[in-house]
Structures are given as C-alpha cells and as structure tokens.
Amino acid sequence: MAQPIKVTVTGAAGNIAYSLLWRIAAGDVFGPETPVELQLLEIPDAVEAAQGVAMELEDSALPLLREITITDDPAKGFASTQAAFLVGSKPRTKGMERSDLLEANGAIFTEQGKALNDVAARNVRVLVVGNPANTNALIAANNAPDLKPSQFNALMRLDHNRTLSQLAKHTGKQTDEFTKVAVWGNHSASQFPDLSFTNVDFDEKWYTEEMIPRVAKRGAEIIQVRGSSSAASAASAAVDHMRDWFNGTEDWRTAAVPSDGSYGVDEGLICGFPTVARNGEWEIVQGLELNDFQRERIEASVQELREEREAVKHLLR
Ligand code: NAX
C-alpha cells in the first residue's frame, strides 16, 4: 500500500460532492493501492450536513478511506492537501447579474487561493468545479503566488465527455473510439466543442447546427429534464480530470489550464484547450492549423473570458 493521499473537497454537503466523495474514496482517482484521507470544507451552516455525509461514507465501509476531517476553516480544510476539488460556490439566484455572481464567488476563491498558498502541499493540484469555474480558478491562482499557475485548473471535462457521447450517438461508435476531440474556451454557452481533428466522419450540418449548441447548452437541458443541475456527470468528469492529471494521457483531453499565449488566447487566462497530460502536467497541444470557423469560435469564447477577468481585476494581483 502507498502512503495515504490528502484530498480536499469543498462544498462537501452539496449535490456534486454526494457522488464525487464516493468515487474518490473507492479509488477511482488515485488507484486501488492509495488510501485516501478526506478533508471536507463547508460553510458554517452546512457543516452539520457534511457530518451526515461523512457518516454515510463511514457506513460504506470503503477499505481505502482513512480519516475524514470536516471543517469550515480553509486553513484546516487545505492543510497539506495534495489534491483539492473546489466544488463549493455561490449559486446564481433570481435577479442576480453575472457581475454579482463573479463578485460573490470572487470572495470565496480569493480566500481559498490564499489558504492553499499558505497551507497546501507544495505540489498540490487544484481543480475548480464551482462556477464560473474558469474565472474562479484564475482568482484562486492569482491569490496563491507561491504556487505555480499550472497547479490550478478548471473543469471542462464534462463538456468534453458530453461531446464524446453526442459523437458516439451520431456515429453509432463507442466513446473510446474517437481521438483528438477537445472543447475550447469558457465553461459556458460560448464554449467551442471542436471535432475538426477527430478520426471519424460526421455530418457537417449536424456538427454545426445540432451538436455544438446541444453540448454548449447541455447543462440547461439537464436542469429542464431532471429538475436539478448535473451532479453525477460533473463528479464523474472531475474524477476523469484529476485521474488523468496524475497518471497521464496518450490522446487529447480537454482541460481548462492557464494559457501560454497559444492560439490567440491571452497568456494566463484559464481556458479550455486540447491537452495531453505528461509527467503530472497538462501540456497544450501545439502547432494545430486552425481554419476561420475555429478561430472565430475560439475568439468569441476567449472574449467572454477576457470580460470576466476584467470584472474581477481588483481581485487579481
Ligand atoms: P450545491 O448547491 O448542491 O452545493 C454547493 C455546496 O457548496 C453547498 O453545500 C454550499 O454550502 C457549499 N459552499 C458554498 N460556499 C462555500 C464555501 N465558501 N466553502 C465551502 N463550501 C461552500 O451545488 P452543486 O450541484 O454541488 O454544484 C456545485 C458547483 O458546481 C456550482 O457552482 C455549479 O454551478 C458547478 N458546476 C460545474 C460544472 C462544471 O462542469 N464545471 C458542471 C456542474 C455544475 O453546474
């Protein structure tokens, strides 16, 4: 058995965590040989509910699960953590402008970035799930000057997985038969699911008129049909992202990572790219020839990321 790994999950009493925590504790992220110590961070009002979740985790008798810490103190929740899933955030409520949402979450991710900077393991990997995920990750990274920006990612693997499954339905193939699929930009309706480089034939009209808008608006479709937002699929995508970040990938995956300036994306913006994970780091796939359609779609989503960055610039260093 390996040494236990310390894993933080924020928003531990919420919907996504109710699926994510079991997947982590069952070994789906760090493998069947790595015991897990869970550090659950919640707001004071939800600490008791998180305790109930921890009781259920205990009742699952999962052999890899060691200690569970439950706290509302980021300094305790992130102490020596090696992998942090930042799921907790403020939801958009009625009458709230996008700028209000950015501001409310900005405060959370400023505090959490600072705490990670002060107390997390120096090689911590941080995956932001809470929306607006890309800009929340940007804020957290900016408030953690002693860590590398590349240690902060935002989750766009759900958009990637949705793209694979739509392509599978369209072609009658399985999701693991496709290569070189990626989603560019922001985790929002402006995102660009890109099939230009993939290895299968598909109908162009379906791609531009059905598939792209369907994937980009899939979150809203789930809310409409299920009556609440994506939870297990988001948890599953977070598991996929963190597992691949640790273990590496052969083919492309979508990860929202700090831009190195490639493809006209401003350096530093946390943007979805085609990436591969090597030696524990995501690398943006370089040297792709983009056509006008791709350039336009990427630019539109990047422009939204720029506007979000502008709205929170007082929180960036
Ligand atoms: P829930 O509202 O069920 O749970 C959120 C939890 O976060 C609550 O228990 C709340 O008390 C806690 N929380 C709030 N502020 C906190 C803080 N400062 N520290 C610690 N915990 C805090 O939401 P859930 O369905 O779990 O979704 C969580 C977030 O994921 C939302 O922002 C949601 O929009 C986002 N999503 C992101 C996705 C992605 O692909 N990146 C997809 C799914 C989801 O929409």
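The values are calculated or read from the model by the stated rules, or taken from the named source; none is laboratory data. Computed from a predicted structure; not experimentally measured. Quick reminder, even Gly has a Cβ in these numbers, built from the backbone with ideal geometry, and neighbours come from all protein chains shown. Please note that ligands, DNA and RNA were not included when accessible areas were found on the heavy atoms of the full protein model with its side chains. Shrake-Rupley method; radii C 1.70, N 1.55, O 1.52, S 1.80 Å.
Assorted remarks:
- Rounded accessible area per residue of the chain, 1.4 Å, Å²: 44
- Lysine pairs meeting the criterion (Cα under 28 Å, 8 or more apart or interchain), as found in segment 156-315: 9
- Largest-first principal axis extents, alpha carbons of the chain, Å: 51, 44, 41
- Separation between Cα centres of segment 289-317 and segment 122-199, rounded to whole Å: 15
- In segment 31-103, the GluC sites (Glu not before Pro) that fall in loop regions by DSSP, at most 15 other Cβ within 10 Å: E33, E97
- Comparing Cα centroids, segment 33-77 and segment 225-247 end up 19 angstrom apart.
- Oblate is the label for segment 5-154, because a/c, from the alpha-carbon gyration tensor with a ≥ b ≥ c as root eigenvalues, is 1.5 or above and a/b does not exceed b/c.
- Summed side-chain charge close to V285 - residues other than V285 whose Cβ falls under 13 Å, Lys, Arg +1, Asp, Glu -1: -3
- Atom-type composition of the exposed protein surface of segment 156-315 places 45 percent of the accessible area on carbon and sulfur (1.4 angstrom probe).
- In loop segments of segment 280-312 as defined by DSSP, the GluC sites (Glu not before Pro) with at most 14 further C-beta atoms inside 10 Å of their C-beta are E289.
- Under the combined filter of DSSP loop state and at most 16 neighbouring Cβ atoms within 10 Å, segment 231-284 retains none of its trypsin sites (Lys or Arg not before Pro).
- Förster radius 30 Å - calculated FRET efficiency between V225 and D73, Cβ distance, rounded to 0.05: 0.20
- Near I212, once Lys and Arg are set to +1 and Asp and Glu to -1 for all other residues with Cβ below 13 Å from its Cβ, the sum equals -1.
- Computed over neighbours whose Cβ is under 12 Å from that of N105, the net charge equals -1, Lys and Arg +1, Asp and Glu -1.
- DSSP beta bridges in the chain [antiparallel fraction, %, rounded to 5]: 40
- Surface share of carbon and sulfur [accessible, 1.4 angstrom probe, percent] for segment 5-154: 51
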